1. Tally Lys and Arg at +1 and Asp and Glu at -1 over the other residues with C-beta under 15 Å from the C-beta of residue 6: what net charge comes out?
2. List the relative contact order of segment 169-260 as a percent without decimals, with contacts defined as Cα pairs under 8 Å and 6+ residues apart.
3. Among 241-247, 109-115, 38-44, how do they line up from the highest to the lowest mean number of other beta-carbon atoms within 10 Å?
4. Could you check the simple spin-label distance between residue 45 and residue 243, using points 7 Å along Cα→Cβ, in nm with one decimal?
5. Less than 9 Å Cβ to Cβ from residue 185, Lys/Arg counted +1 and Asp/Glu -1: what total charge do the surrounding residues give?
6. Summarise the accessible area of segment 229-273 (1.4 Å probe, protein heavy atoms) by the percent that is carbon and sulfur.
7. State the extension gain, in nm to one decimal, for the chain segment bounded by residue 219 and residue 183, taking 0.36 nm per residue of separation less the distance between their alpha-carbons.
8. Return the distance in nm (one decimal) between the two label points of a simple spin-label model at residue 127 and residue 110, each offset 7 Å from Cα along Cα→Cβ.
Amino acid sequence: MFESTVRGEVCRLSRPGTRWLSTGYAGGESVADAAYLLSVPEGWADVDVSGYVRRRLREVGFGGDRSDDDRSGDDRAGGNRGEGRSDDDGDAAPALLTGVSMRHARRARLGPVEAVVTAGVSNPAALPMAADGRSDRNTGGQRGDRSDGDGDRRHAGTVNVVVGTTRSLAPGALANLVAVAAEAKAATLLDRTGFPGTTSDAVLVGCDPGGEPAAFSGSATEVGSAARACVRDALLAALESRYVDEAPPGSVTEAEYGVVTDERADVEAVVDE
């Protein structure tokens, strides 16, 4: 699916004319010839994310990867702009940021799918199941999220997942692939760390518009099943690479950053009048 190139802690995943859907900063749908994963330095807090990404891409010689058709469409309608996009220089491909070095990125392939994952869990987001705020695993007390108001300033613990398929997915199937990837990410993290995610995780999915059509991407389909396996295996390998000399935090109180969602919502039956 992707041709990968890494320069200066920037990973480019190339495939001409790919349809993308991103949950990252200013994400959404796009058509571009590449997507990017960028490692940011410790303490990074640049509020101009798009400008920062443009500068980084220029510094390492990447850019201009968005298709002409998609760029003209956004110019007309003010369409979605993914992380790091810009109309002034063509560096408009989707991008995801992390504090994890690209040397820890791992990719997995199965059938018509591949996944590329970077993983760090220094800012876990715990979701206790028990009424007393504790789960079977120790979530610890709430340490508090030290990020900005949007909860996205800290990137050291981000788990970024990119999933691509050679199939041409229907619009709903492409959106559902985000859910499939997020579910696989959460299941894998729960098994390895006791947390379903961090405070800044993101998923980016892509498909080949010229590929064999696929109307669905659920876990029972070839695409969905392969995506689950690829995300699991790439994430396990990324965690193993990242945490060779240190163990991931065992609770939110042990983590440098993190949150525990211990509020309880009001629940009632949904009934006819």
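The values are calculated or read from the model by the stated rules, or taken from the named source; none is laboratory data. Because the structure is predicted, anything quoted here is derived from the model rather than measured. Glycine also receives a Cβ, built like all others from the backbone with ideal geometry; neighbour counts cover every protein chain displayed. Surface areas here come from the heavy atoms of the whole protein model, side chains and all, with no ligands, DNA or RNA. Shrake-Rupley method; radii C 1.70, N 1.55, O 1.52, S 1.80 Å.
1. +3
2. Once divided by the residue count of segment 169-260, the mean separation gives 37 percent.
3. The most tightly packed comes first, giving 109-115, 38-44, 241-247.
4. With each label point 7 Å from Cα toward Cβ, the separation is 2.7 nm.
5. Numbers: positive: 232; negative: 183, 201.
After counting each charged neighbour, the total is -1.
6. Here carbon and sulfur together make up 46 percent of the probe-accessible area.
7. Extra length available between residue 219 and residue 183 comes to 12.0 nm.
8. The modelled label-to-label distance comes out at 2.2 nm.
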